[in-house]
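Down below is the structure, laid out as structure tokens.
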Amino acid sequence: MKSPNKQQIQKTIKFKITGDNLFKTLTTIIAASALIILFITGYTLVKGSIPVVQNFGLSFFFGQQWNPVEGGEVFGILPYILGTLATSGIALLIGVPLSLGIAIFLVEMAPRSLRVPISYLVELLAAVPSVIYGLWGLSVFRYWILNYIEIPISTYLGWIPIFSGTPRGLDIFTAGVILAIMIIPTVASISKEVLTAVPNSIREGAYSIGATKWEVIKRWVLSYGRSGIFGAIILGLGRAVGETMAVTMLIGNATGTSAMPKSLFQSGQTLASSIANGFMEATSGSLKLSTYLGIGLTLLIMSLLINVGAHLVMTRVFKVKGGAVE
Amino acid sequence: MTSTQEQNISKPKPDQLQQEIDPTAKMRAINVDVWFGKKQVLKSVNLTVKPNTVTAIIGPSGCGKSTFLRCFNRMHELAPNAKMAGQILLDGKDIYERQIDPVQIRRRVGMVFQKPNPFPTMSIYDNVAAGLKLTGTKKSKLLDEIVRHSLEQATLWDEVKDDLKKSGTSISGGQQQRLCIARAIALQPEVILMDEPCSALDPIATAKIEKLVIELKQEYAVVIVTHNMQQASRISDYTAFMYLGELIEFGETRQIFEKPKNKLTEKYITGEFG
């Protein structure tokens, strides 16, 4: 066999290098496109919301009045900001313990034959479109909530301010519970991965000093995985804050001061649902359109703050306190 | 499976006859069989562990020595598909009896693992105190005392006394392994099991652990699995040689290394296979 001469080899090498370079350039462009899209979106939102901020100043963010009638327009979105926080808070309060329970069961308790099908089913929950949850919530789930949770609570605990009012089933609480169901697949499947990544040597060490299964999970497994679990919760929160369709269908869509979340059993509004409800009426160039773009900007900033805040907590608090976490 | 089990129990075992029945034995394994799924990895193994001695288990990789060791504190139960037959006696009582809580057994029979595994989310102090805190010990003065005493026994105190609040994984590998020994000692166990405790360590750290093992037998019975024959001959009083899931020979270390009775043992000791 004739050995390839030097020139040929060099040619191939040269070709390979350019191929790599080409690939590098391509991937860089693709990666940059994510940034560009974010930038364009941000630019549109900032530019579009300038009129509304000029008109109302800070009272756009901290006002409670909402009057879309032309001529006497007032737009204050504080109730929607608080509504977003309230529904997301309920979602975390209910969804996180359930998700952790699922993750712990799958990783620590379930026999292998159950582990795969159940985790598959949990992840399948994430594939159900939001509007389906909304439809189910609207036609079935809200009556369960109304009859079995809201009416009993409001009958006996109605004197507590957050349970006051006449429950209808289309309110902040129902929206929060639907959100809880919707964040379960995200939080549960990431927590499952986090717990699976806890080295077995940690569990063995704990068992060897006489820990029970519950103690091993509580003091070692969860403690080792806490930063990862925190990350899973933040991703769930991100989903809850931005979720639109199901919430719009269930929250009751109050506007203005009546949307201030004073009781769980009262209809409200979130930032996302207010856009979904109103964008159709916003004609191009109107103050209303600017308002919805301003709401969008607020939502984007909230999401960014959550992510940045979470990142800070993860790198600072967990690292400093826990030593070698991860 | 039950039929094999019965067969094994009814069949007289040469090993069992070899080992005198010693009433002072701290632990005894009697006809221990272990399966992982359908694969039998231990075949009616017998062993006696005397108090205040070091018993070494040697043998080539995959001979079941670690599996066997894990039967002594019921750790092997944690592996999925693991099944066991036979008895392990601690002070004459079978630790596998139904009413016995494995948690209690693991407090009396401590364990040190192949790879140092201090708890990374806990401080050095908490690593040692963790077992006691599980038992509900809350008096900080008592904890301080036990932590100090355990670290001293593990010859680690002088090296870490100023860093007790640092993470358990912030120290070197050899120190980590001694921390794990301190963690086991803190519960004041009766037996300490060591599963190749030096295999991940450098020679100097290994020498320290070996010295420590010899000191530990003043107070505890130590069972150590090792693939290092020199180590076994240096530190142990008794040696068991295992091969393919069976105990081939068990006796005083000097006898095993100088006058092995079994041809297979001799071949392994002289390095003909391994």
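Only the coordinates and a few stated rules stand behind these numbers; no lab work does. Everything quoted here is computed from the prediction, not taken from an experiment. Note that we place each Cβ from the backbone using ideal geometry, even for glycine, and neighbour counts take in every protein chain shown.
General observations
- Largest first, the extents of the alpha carbon coordinates of the stretch B:184-269 on the three principal axes equal 41, 28, 23 Å.
- Globularity index of the protein assembly as shown, i.e. its alpha-carbon radius of gyration over 2.2 N^0.38 Å: 1.32
- Neighbour net charge for B:Asn52 - beta-carbon separation under 12 angstrom, K R +1, D E -1: -1
- Peptide B:129-141 has a mean of 2 when you count, residue by residue, the C-beta atoms of other protein chains within 10 Å of its C-beta.
- Exposure proxy ranking, count of Cβ atoms within 10 Å, fewest first, for A:Thr27, A:Thr255, A:Thr212: A:Thr27, A:Thr212, A:Thr255
- Relative contact order %, chain B, counting alpha carbon pairs below 8 Å whose residues are six or more apart: 26
- Segment B:Glu219-B:Lys39, length gained on full extension (0.36 nm per residue, minus Cα span): 61.1 nm
- Here B:Thr155, A:Thr25 are placed in order of increasing Cβ neighbour count within 10 Å, fewest first, which gives A:Thr25, B:Thr155.
- Taking every residue in B:119-128 and counting other chain Cβ atoms within 10 Å of its Cβ, the average works out to 5.
- Within 10 Å of each Cβ in B:102-110, the average number of Cβ atoms from other chains: 3
- Dipole of chain A [Lys/Arg +1, Asp/Glu -1 at C-beta], most positive-end residue of A:Met302, A:Ser139, A:Leu157: A:Met302
- Cα gyration tensor, the stretch B:135-194 - rounded (a/c under 1.5), prolate or oblate: oblate
- Spatially proximal aspartates and glutamates relative to B:Lys166 (Cα-Cα < 13 Å; intrachain offsets below 8 disregarded): B:Asp126
- Pairwise centroid distance, computed over Cα atoms, of the stretch B:93-138 with the stretch A:113-143, Å: 41
- Counting neighbouring beta carbons within 10 Å and listing from fewest to most, the residues B:Lys161, B:Lys26 come out as B:Lys161, B:Lys26.
- Rounded if a/c under 1.5, otherwise prolate or oblate - the stretch B:98-157, Cα gyration tensor axes: oblate
- Extending 7 Å from Cα along the Cβ direction at B:Leu142 and again at A:Leu85 yields two label points whose distance is 4.6 nm.
- Converting phi to 3J(HN,Hα) with the Karplus coefficients 6.51, -1.76 and 1.60 and the offset θ = phi - 60°, the stretch B:75-90 yields 6, 5, 4, 6, 6, x, 6, 7, 10, 9, 9, x, 10, 10, 9, 10 Hz in sequence order, with x at every glycine or proline.
- Charge dipole (debye, nearest 20) of chain A; +1 at Cβ of Lys and Arg, -1 at Cβ of Asp and Glu: 1520
- In this simple spin-label model, placing a label point 7 Å from the Cα along the Cα-to-Cβ direction at both A:Leu22 and A:Trp144 gives a separation of 5.6 nm.
- To the nearest ten degrees, helix B:124-134 and the longest principal axis of the Cα atoms of chain B are 70 degrees apart.
- Spatially close Lys pairs in chain A, defined by Cα atoms under 26 Å apart and a spacing of eight or more places or different chains, total 16.
- Cα point-scatterer Debye curve for chain A, base-10 log of I(q)/I(0) at q = 0.12 Å⁻¹: -0.97
- Relative contact order %, chain A, counting alpha carbon pairs below 8 Å whose residues are six or more apart: 26
- Remark: the A:Thr257-A:Ile37 segment gains 75.7 nm on full extension, using 0.36 nm per residue and subtracting the alpha carbon distance.
- Computed from the alpha carbon atoms alone, the convex hull of the stretch B:2-269 holds 131 Å³ per residue.
- Computed E for A:Asn277/B:Glu252 - FRET, C-beta separation, R0 56 angstrom, nearest 0.05: 0.05
- Put simply, the C-alpha atoms of the stretch B:218-267 give a gyration tensor, and the ellipsoid matching it has half-axes of 19, 12, 10 Å, longest first.
- Report note on the peptides B:165-178, A:68-81: ranked by the mean count of other C-beta atoms within 10 Å, highest first, their order is B:165-178, A:68-81.
- Farthest positive-ward along the protein assembly as shown dipole, Cα basis, beta-carbon charges - from B:Leu89, A:Leu125, B:Phe113: B:Phe113
- At least 27 Å along the helix axis (C-alpha) and Kyte average at least 0.0, DSSP helices within chain A: A:6-56, A:78-104, A:172-196, A:287-312
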